[in-house]
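Here the structure comes first, spelled out in structure tokens, and everything after it is commentary.
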Amino acid sequence: MITVSALSAPGAMVRFLSELHATGAPVIHLRGRSEGLGALEQIEAEADGDPELHRLLGSWHQEAALDIGGPALSFDETAARRGACLLFRTAWCYLNRDTGREEVARLLLDPAAHPGDSATAQFSADLTLQHLPAVLRMAQALSPGDPLLSALRSLARLFPLSGVNIHPEKPPTQEMPPAATWGNLQSHSGLRQLFLDRILITRAGHWLDHPETSLAIRHSLGEHRQTLAPAFGSAAAALTLPSGDSL
């Protein structure tokens, strides 16, 4: 949920992230909508120099790094901060219903506000951006025609690890992530496995339309595919290994 309550700008970003980590729900505390984009700019400027934000994101990285396989991924603080600000902006747009389509696109799709596409940057940004699907679910329930939905789907394409279970308007084969982003995600064994695991956990069956990913899932499931595949419902048939395809 996203709520409004009395809270001045200082510490707003850290409060947002702390409650997100504790509850799994993106929550913004503000004085009210009348503060507008000026308040958003103030919050981001204050967060930019907040050492507590560095400590918070760094501790999350340490926790997440324990569960990721493959080569060690160092903490990319710039990417982590940009990911946090980007998620905060999505919640802001959800809260401020009068934000127009052009303003939403400017806030969320500006490349200058995005983390890099290296494996390290993707992992660090995902510390917060993994909650993008939660914002989309809330926005979709509130207003199916919300311009925020289109922007969130675009973000899911730009950040496939984080937005893995955001259903695209077109099949993944037609709306692939940028080549560098996809290449870095697939080249790191730990990130690739995390990506596949999230497809299975969230039942993101649309990725079965992508041949490379579908094959990787089949191999990842191995001999357990017949037991685990039914989680995809009617899409489970796509996980049957073709004749001659060995593990």
*Selection within region 96-127 - at pLDDT 95 or above and of a type in the set (Ser, Thr, Tyr)*: 118, 120, 124
*Taking residue 112 and the conditions (1) among the aliphatic types (A, V, I, L, M); (2) under 26 Å from residue 56 (Cα atoms); (3) in contact (Cβ under 8 Å) with a residue 12 or more places away in the chain, which numbered condition does it fall short on, given that it satisfies the others?*
(3)
*asked:* Which residue is surrounded by the fewest Cβ atoms within 10 Å (Cβ to Cβ), if the candidates are limited to region 128-158 and must be in a loop (DSSP other than H, G, I, E, B) and modelled with pLDDT of 90 or more?
replied: 130
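From the list 178, 160, pick out the single residue that is over 22 Å from residue 16 (Cβ atoms) and out of contact with any Phe, Trp or Tyr (no Cβ under 9 Å at 6 or more places or on another chain). Don't jump to the end; show me each part of the working.
Details: 160 fails: out of contact with any Phe, Trp or Tyr (no Cβ under 9 Å at 6 or more places or on another chain).
After applying the criteria, what remains is 178.
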*What single numbered condition from (1) more than 13 Å from the chain's Cα centre (by Cα); (2) assigned to a loop (DSSP other than H, G, I, E, B); (3) among the aliphatic types (A, V, I, L, M) fails to hold for residue 161?*
(1)
*Could we say that residue 49 is closer than 22 Å to residue 193 by Cβ and modelled with pLDDT under 95 here?*
no
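Considering only region 170-220, state which residues are of a type in the set (Ser, Thr, Tyr) and either free of Cβ contacts under 8 Å to residues at least 40 places away in the same chain or touching a Gly at 6+ places or on another chain (Cβ under 6 Å) (or both).
Of all residues in region 170-220, those of a type in the set (Ser, Thr, Tyr) come to 173, 181, 187, 189, 202, 213-214, 220.
173, 189, 214, 220, listed by residue number.
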*Boolean, residue 33 is out of contact with any Ser or Thr (no Cβ under 8 Å at 6 or more places or on another chain), modelled with pLDDT under 95 and of a type in the set (Lys, Arg)*: yes
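Anything in region 171-195 that is surrounded by fewer than 18 Cβ atoms within 10 Å (Cβ to Cβ) and more than 21 Å from residue 111 (Cβ to Cβ)? List them, or say none.
Just the residues of region 171-195 that are surrounded by fewer than 18 Cβ atoms within 10 Å (Cβ to Cβ), to begin with: 171, 173-176, 178-180, 182-183, 186-187, 189-190, 193.
Scanning region 171-195 gives 171, 173, 174, 186, 187, 189, 190, 193.
The values are calculated or read from the model by the stated rules, or taken from the named source; none is laboratory data. These numbers come from a predicted model, not from an experiment. Using ideal geometry, Cβ is built from the backbone for each residue, glycine included, and neighbour counts are taken over all protein chains shown.
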